[in-house]
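Participant: Following this message is one structure expressed as structure tokens.
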Amino acid sequence: MIKIDEATRKQLLECYKDNEVILEGHILKLIESTGDQEFDLYIKEAIEKDALIRRKRIDEFKLVQTQNARLQKSEQENEEVKKRLRESLTTAEQAKNLALGDLEELQKRSQVELIGTIVRVSLWIVCGVGIITTGLFGISLFTGVDNKIIESAWSNMFGILLTNSFSIIGTIMGVKYATGGKKEKRCCKCDD
């Protein structure tokens, strides 16, 4: 036990009265009672305040620990959410790339079907006009009707039909070459 002399006792009491500064900590348990009521009251009050301060510190420490635990848990949850979001984004990008590929394939198929329809109709028209004009020219030859006008019309018609058919075929081949020459763009992420 520690004995406090009169000068120290007096300084401690004055410091408490003037500045409200009091002893703290485990040293209070080691101070021996002097039988002085004022100093014993000072020690008792110091012990109570010290206990109160310690409780507050412990409560604050527990609160900080609880908040840290919650923050760590929230951080882990956030990481999980980020991970799921990244996975969802990757899946969405893959689905988008698949849909774009399907759309491009569908467009190519539609273009090929349209080109095929144009070629068939054009050939039927060319053949039909050629057959009709040839039939009219043949009838005019056998009937003896003046066929100078029909002959020039027949000649012009075949020239025009031949030119138009080559033009149509050239256009179709150009469109096929232009659309068929594209290489498929692939996303490097999708190859993984």
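The values are calculated or read from the model by the stated rules, or taken from the named source; none is laboratory data. All values derive from a computational prediction rather than experimental measurement. Ideal geometry is used to build each Cβ from the backbone, glycine not excepted, and the neighbour counts take in all protein chains shown.
Participant: Cβ-Cβ under 7 Å, sequence separation 6+ or interchain: first residue in the range 29-42 and under 15 Å from residue 10 (Cβ atoms), partner of a type in the set (Ser, Thr, Tyr) and assigned to a helix (DSSP H, G or I). Which pairs?
Facilitator: Pairs that qualify, where the first residue is under 15 Å from residue 10 (Cβ atoms) and the partner is of a type in the set (Ser, Thr, Tyr) and assigned to a helix (DSSP H, G or I), are 42/16.
Participant: Also: Take residue 58 and decide whether it is hydrophobic (A, V, I, L, M, F, W, C), out of contact with any strand residue (DSSP E or B) (no Cβ under 6 Å at 6 or more places or on another chain) and either on the phi < 0 side of the Ramachandran plot or surrounded by 10 or more Cβ atoms within 10 Å (Cβ to Cβ) (or both).
Facilitator: Against the criterion (hydrophobic (A, V, I, L, M, F, W, C), out of contact with any strand residue (DSSP E or B) (no Cβ under 6 Å at 6 or more places or on another chain) and either on the phi < 0 side of the Ramachandran plot or surrounded by 10 or more Cβ atoms within 10 Å (Cβ to Cβ) (or both)), residue 58 qualifies.
Participant: Okay, next question. Is there a residue being over 30 Å from residue 172 (Cα atoms), small (Gly, Ala, Ser) and in a helix (DSSP H, G or I) anywhere in the range 1-8?
Facilitator: Yes: the range 1-8 contains one or more residues that are over 30 Å from residue 172 (Cα atoms), small (Gly, Ala, Ser) and in a helix (DSSP H, G or I).
Participant: From the set of residues in the range 10-43 that are in contact with an Asp or Glu (Cβ under 7 Å, 6 or more places away or on another chain) and assigned to a helix (DSSP H, G or I), which is nearest to residue 54 (Cα to Cα)?
Facilitator: Only one residue tops the list, namely 28.
Participant: When both residues are 6+ apart or on different chains and their Cβ atoms are under 7 Å apart, which pairs have a first residue that lies in the range 2-15 and is under 14 Å from residue 43 (Cα atoms), and a second that is of a type outside the set (Gly, Ala, Ser) and in a helix (DSSP H, G or I)?
Facilitator: 2/30; 9/39; 12/42; 13/38; 13/39; 13/42
Participant: With the structure loaded, tell me whether residue 110 is assigned to a helix (DSSP H, G or I), among the hydroxyl-bearing types (Ser, Thr, Tyr) and under 19 Å from residue 160 (Cβ atoms) or whether it fails that test.
Facilitator: Judged against the criteria, residue 110 is not a match.
Participant: Is it fair to say residue 67 is out of contact with any Asp or Glu (no Cβ under 6 Å at 6 or more places or on another chain) and farther than 27 Å from residue 5 by Cα?
Facilitator: The answer is yes for residue 67.
Participant: Does the range 92-104 contain at least one residue that is more than 60 Å from the chain's Cα centre (by Cα) and more than 30 Å from residue 174 (Cα to Cα)?
Facilitator: No: the range 92-104 contains no residue that is more than 60 Å from the chain's Cα centre (by Cα) and more than 30 Å from residue 174 (Cα to Cα).
Participant: Name every residue in the range 140-177 that is at pLDDT below 75, loosely packed, with under 10 Cβ neighbours inside 10 Å and assigned to a helix (DSSP H, G or I), in order of residue number.
Facilitator: 177
Participant: If I filter the range 136-158 for residues that are in contact (Cβ under 8 Å) with a residue 24 or more places away in the chain and among the small types (Gly, Ala, Ser), do I get at least one hit?
Facilitator: Within the range 136-158, none of the residues are in contact (Cβ under 8 Å) with a residue 24 or more places away in the chain and among the small types (Gly, Ala, Ser).
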